[in-house]
Amino acid sequence: MKIENTSGKCIVVRGNEIDTDRIIPARFMKVVSFKGLREAAFYDERYDADGGLKTHPFNDEQYNGASILLVNKNFGCGSSREHAPQALMRWGIKAIIGESFAEIFVGNCTSMGIPTAAVSADDIEALMRKAEEQPDVVMSLDISSEEIRFGDIILHAGMNPAIRKAMLSGSWDSTEILLEADSLIRWLDNELPY
Amino acid sequence: MGMNLFNKVWDLHRVKTLDSGLDQLFIGLHLIHEVTSPQAFSMIEERGLSVKYPDRTFATVDHIVPTLDQSRPFQDPLAEKMIQALEDNTKRHGISLFDTENENQGIVHIIGPELGLTQPGMTIACGDSHTSTHGAFGSIALGVGTSQIRDILATQTIAISRPKVRLIEVSGTLAEGVTAKDIILKIICDLGVNGGIGYAYEYCGPVIEALSMEERMTICNMSIEGGARVGYINPDETTFEYLKDRPYVPQAEAFDEALKNWKSIASDSDAEYDDVYRLDVSGLSPMVTWGINPGQGIGIDENLPLLKNLDAEAAEVASKAYSHMGFSEGTAVLGQPIDAAFIGSCTNGRISDLRAAAAVVKGRKVAHTVRAIVVPGSKHVAVQAEKEGLDKIFTEAGFQWRNAGCSMCLAMNPDKLKGRELCASSSNRNFIGRQGSPTGRTMLMSPQMAAAAAVSGKIVDVRNMK
């Protein structure tokens, strides 16, 4: 499936170095399927020990139905758990825009067809402020032109060129494409000294 | 100009460059465990695919196994279900599994090297970010997510961007009581938890060359905590000596042949790098973390940083850290009372770590306010420790001596902090909630520092305990 653009309301999760343990605590990974992970997203930041609601964007009704997540620096650092982006995707997230992302997290998002785009600190602040003030405004992220349109804000979004191409060509769903090199893979398997 | 190890090994394993520009990289050794693999097996089966090279994948159980009673079925039905899924998947696809009844079972990053599965010049992947550990042998070892595990099972390859390479040269004289853990914590503090994004780290220099293989593994293990997905050290005589006669290492003439290959992939003396960072460790003190990521650390004799001295980003995270930890800027960490101590994990759960901790513990008692556990990284580590009587030293001091597993490093098993407990931990992550309690608190340090804290009931400088 080609992913050329995505649009939707935004949800703002502020903070640098938000690790995947915070996105999904380890105890929710005792599953053999990703299907039920929606409720696990940011669980310990959304609920206190007695199950009472804490103040968190994912609990904030103004963000109901949002599909573009806005974040700060090094989002998704730490554990390689794909359960983290899987939980976000099942909550409704289709794209993530931030200052920077951890590498394994980006790899996981890419293989799930979730584009990640980077913007400057000033730009993310402008986007976040607007999304917080006007949560009903719809953002569009055009992958081929790498352009973000958000009301009166128009910005360039930085994407890894290879990941951008993988989205546009549909090759983010990588297994079939990798299998095309079958004869080369067999050759290399024989050729390696181990 | 010559080439560095990373680029040599990458080129040897690059199948081709895909139309997207990503490289298709052959993974020579694939390690799996019970937590991140079941969905990958479901994915290949849903697509009607099979495991392409079952002999290139090895499985073990570590994340969710209980460390007290490992008899089956496990008391936790969810854990039992996951173990069964791994047993079914590996059986169905002809993959070797080291389960809790197998003498080779243990934390995946401990058993790979210990069995000699991990060798120089390999590409190694595992659905776990601490796969960087295996780079200590001069391999490219990287953590992947579940969809990439799917790709490795089905094709033995992944689609990946080629990173740049940063040389980290460590020189100087390491003081008594200062360890590999302290070196890597210092590197992460200096370069930042996101400093390594887009880079592989090559650790070199006289201090690194003088380290044992187990110490090198501690360094490479935490590369990911500095944002670098890959960290490695060139193979040398220390590496070859470690590998000789390990079960999965070629023997006799085949060993000599392998040795030639291993030597050939080391970085050339005139190799090029994209960046260089130099660290002199003379004067380095034992490090402890005070915050909510591994880059928030200080020397044991320093005071906590003042927010006004930090840049805006660091101050934001530090402020959140102080609020979570209940610490105040400008104060000392020395003397901070602790509630728990954990010695183990893929970072510091090897025999040399247990020996170092036991040397501190011997003849002392765990403070009555502290519950302390020692969890060997593998069954082989446990057997060796018991042979040396280390288990007795620990239990006589009041530590609990457990069975092999990840235990309280990530608390996907019964080993967890309770409430706001503060833990002196030899593990790798101090993230909020990491050790199983959403309000629990973790201070990372070397195993000897964690042992010293356990017997003192508070954070102390292990160098003053001689």
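Calculate, for B:Lys392 and B:Asp69, the FRET efficiency according to 1/(1 + (r/R0)^6) with r their C-beta to C-beta distance and R0 25 Å; round to the nearest 0.05. Computed FRET efficiency for B:Lys392 and B:Asp69 comes out at 0.75. Which pairs, out of A:Lys54/B:Lys308; B:Lys362/B:Lys387; A:Lys54/B:Lys320, put more than 23 Å between their alpha-carbon atoms? As for pairs spanning more than 23 Å Cα to Cα, those are A:Lys54/B:Lys308. Report, in whole Å, the centroid distance computed from the Cα atoms of the range B:7-70 and the range B:411-458. The two parts, judged by their Cα centres, are 30 Å apart.
In percent, rounded to a whole number, the relative contact order of the range A:5-191 is 24, using alpha-carbon pairs under 8 Å and six or more apart. Across the range B:193-350, the mean sequence separation of Cα contacts (distance under 8 Å, 6 or more residues apart), normalised by length, yields a relative contact order of 19 percent. Aspartates and glutamates within cross-link reach of B:Lys91: Cα-Cα under 15 Å, excluding same-chain residues under 8 positions apart? Candidates past the 8-residue exclusion: B:Glu34, B:Glu45, B:Asp55, B:Asp99. Placing R0 at 30 angstrom, the Cβ-Cβ distance between A:Asp189 and B:Asn102 gives a FRET efficiency of 0.65 after rounding to 0.05. The alpha-carbon of B:Lys263 sits under 19 angstrom from the alpha-carbons of these lysines, leaving out residues fewer than 8 places away in its chain: B:Lys8, B:Lys244. A straight Cα-to-Cα reach below 23 Å connects A:Lys165 with the lysines A:Lys2, A:Lys94, B:Lys16, B:Lys164, residues fewer than 8 places away in its own chain not being considered.
Based on the Cβ-Cβ distance from A:Asp48 to B:Thr369, what FRET efficiency comes out when R0 is 22 Å, to the nearest 0.05? FRET efficiency, A:Asp48 to B:Thr369: 0.25. Note: relative contact order over the range B:5-160, using C-alpha pairs below 8 Å and six or more positions apart, is 34 percent. Only beta bridges with both residues in chain B are counted; by DSSP, about 25 percent of them are antiparallel.
For the range A:42-187, a/c is not less than 1.5, where a ≥ b ≥ c are the root eigenvalues of the C-alpha gyration tensor, and a/b does not top b/c. That puts it in the oblate class. Only beta bridges with both residues in the protein assembly as shown are counted; by DSSP, about 35 percent of them are antiparallel. Across the range A:22-28, rounded Karplus estimates of 3J(HN,Hα) from the backbone phi angles (6.51 cos²θ - 1.76 cosθ + 1.60, θ = phi - 60°) give 6, 5, 8, x, 4, 5, 7 Hz, Gly and Pro being marked x.
Is the shape of the protein assembly as shown best called rounded, prolate or oblate, per the rule: a/c under 1.5 gives rounded, else a/b larger than b/c gives prolate, else oblate, with a ≥ b ≥ c the square roots of the Cα gyration tensor eigenvalues? The shape class here is rounded.
Put a plus charge on the Cβ of each Lys and Arg, a minus charge on the Cβ of each Asp and Glu, and nothing anywhere else: the dipole of the range B:107-255 about its Cα centre is then about 620 debye. Shown for the range A:67-92: residues covered by the partner protein chains by 20 Å² or more of accessible area relative to the chain by itself (probe radius 1.4 Å), namely A:Lys73, A:Asn74, A:Gly78, A:Ser79, A:Ser80, A:Arg81, A:Glu82, A:His83.
The values are calculated or read from the model by the stated rules, or taken from the named source; none is laboratory data. This one's a predicted model, so the numbers in the text were calculated from it and none came from an experiment. Note that we place each Cβ from the backbone using ideal geometry, even for glycine, and neighbour counts take in every protein chain shown. Keep in mind that these areas ignore ligands, DNA and RNA; they rest on the heavy atoms of the full protein, side chains included. Shrake-Rupley method; radii C 1.70, N 1.55, O 1.52, S 1.80 Å.
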